[in-house]
Amino acid sequence: MLNLVLVEAALETVPRVILGHPSVRRNARRRRKIPQETLLDRSLHHSAMERLPDSHKRGRPDIVHICLLEALGTPLNAEGGLRIWVHTYGGYAIEVSPKARLPRDRGRFDSLVGQLFSEGRVPPGAESPLMALDQKDMGALLREMEPVYKIALTSRGEPSTLEEVCDDLVTKGDSAVLVGAFPHGPMRDETLSLVDRAVSVHPTALETWVVTSRLIYEYERRLAKSLTS
Ligand SMILES: C[S@@+](CC[C@H](N)C(=O)[O-])C[C@H]1O[C@@H](n2cnc3c(N)ncnc32)[C@H](O)[C@@H]1O
């Protein structure tokens with residue numbers, strides 16, 4: 001089983017300190033939402049975000065959206081070999097059902113996530129939700145997952161290849177792979193301290209969705225190879 005964890009994800013509702021900013025109010029009005037139920041988004045709230053700490057790492061819901069569509073649509077997920085988690089910049093853990101069929105449209109995805117932050121699960125009250133949210137630190141989430149092996153993918157890690165990493169993951173068994181779902185900057189030391197290995201799989205920094213899709217594809221190939229040998 002591969003546990004994919006999108007860490008320090010740039011996914012949150014608009015923080016209280018900028019709720020009154022004109023760009024926040026304008027966007028909420030256009031979407032017929034109350035401002036606190038809308039998502040922080042760099043493309044809409046650029047000037048308001050200047051006031052926020054770590055603003056370079058925040059306000060990119062598109063990263064999680066693309067990665068979830070990508071991961072949920074893989075053969076590995078269809079065959080039951082993938083679990084997907086999101087751990088947000090603000091310290092929330094989101095469990096994503098392998099059966100979730102998420103909206104392709106960003107506006108509808110944002111509304112769903114806004115509802116997730118206010119209700120704790122979507123659909124609200126469902127016994128088997130598509131997504132469930134809990135305030136939980138990354139260490140607690142990993143303890144619950146109980147992987148035998150944990151790797152972080154980061155451009156600042158020990159150089160290796162995805163082939164070698166996936167061989168290692170398949171050999172070890174239930175594993176967790178942490179991929180940063182933020183646009184810029186390094187993974188926190190606090191996050192890196194939780195893993196067995198931090199690995200770079202390319203000489204330059206790649207987009208999260210590129211790393212996610214290549215990781216799952218290579219894992220599928222190595223898994224198939226291990227089952228036939
Ligand atoms: C846009 S990058 C974050 C940018 C950041 N400058 C960095 O150091 O990777 C998003 C995530 O993709 C993964 N990633 C990007 N390039 C990588 C690489 N060369 N090797 C391993 N993981 C990588 C990491 O998990 C990273 O946090």
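Each value in this text was obtained by applying a stated rule to the coordinates, not by laboratory testing. Small disclaimer: the values here were computed from a predicted structure and weren't measured. Don't worry about glycine lacking a Cβ; one is built from the backbone with ideal geometry, like all the others, and counts go over all protein chains shown.
The residues of the range 161-201 that are within 9 Å of the ligand (Cβ to nearest atom) and hydroxyl-bearing (Ser, Thr, Tyr) amount to a single one, SER200. Considering the conditions (1) touching a helix residue (DSSP H, G or I) at 6+ places or on another chain (Cβ under 8 Å); (2) of a type outside the set (Asp, Glu); (3) buried (at least 21 other Cβ atoms within 10 Å of the Cβ), ARG221 is excluded by exactly one of them, (3).
Condition check ((1) within 16 Å of the ligand (Cβ to nearest atom); (2) within 30 Å of CYS166 (Cβ to Cβ)) across all residues:
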| site | (1), (2) |
| --- | --- |
| LEU4 | yes, yes |
| PRO22 | no, no |
| LEU40 | no, no |
| MET49 | no, no |
| SER55 | yes, no |
| CYS67 | yes, yes |
| LEU72 | no, yes |
| PRO75 | no, yes |
| ILE84 | yes, yes |
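Contact annotation: residue pairs with Cβ atoms under 7 Å, 6 or more positions apart or on different chains, pairing a residue in the range 5-19 that is within 11 Å of LEU39 (Cβ to Cβ) with a partner that is among the basic types (Lys, Arg), are ALA10/LYS57; ALA10/ARG58; ALA10/ARG60; GLU12/ARG58.
In the range 155-172 there is no residue matching the filter, namely being in contact with a helix residue (DSSP H, G or I) (Cβ under 7 Å, 6 or more places away or on another chain), small (Gly, Ala, Ser) and within 25 Å of LEU69 (Cα to Cα). Going by what's in this entry, would ILE151 be described as more than 9 Å from the ligand (Cβ to nearest atom), within 22 Å of GLU70 (Cβ to Cβ), β-branched (Val, Ile, Thr) and not in a helix (DSSP H, G or I)? Yes, satisfied.
For the range 163-222: of the residues being among the hydrophobic types (A, V, I, L, M, F, W, C) and assigned to a loop (DSSP other than H, G, I, E, B), which is nearest to LEU72 (Cα to Cα)?
My answer is ALA181.
For GLY139, indicate whether it is near the ligand (Cβ under 10 Å from one of its atoms) and surrounded by fewer than 14 Cβ atoms within 10 Å (Cβ to Cβ). Spelling it out, it is not the case that GLY139 is near the ligand (Cβ under 10 Å from one of its atoms) and surrounded by fewer than 14 Cβ atoms within 10 Å (Cβ to Cβ).
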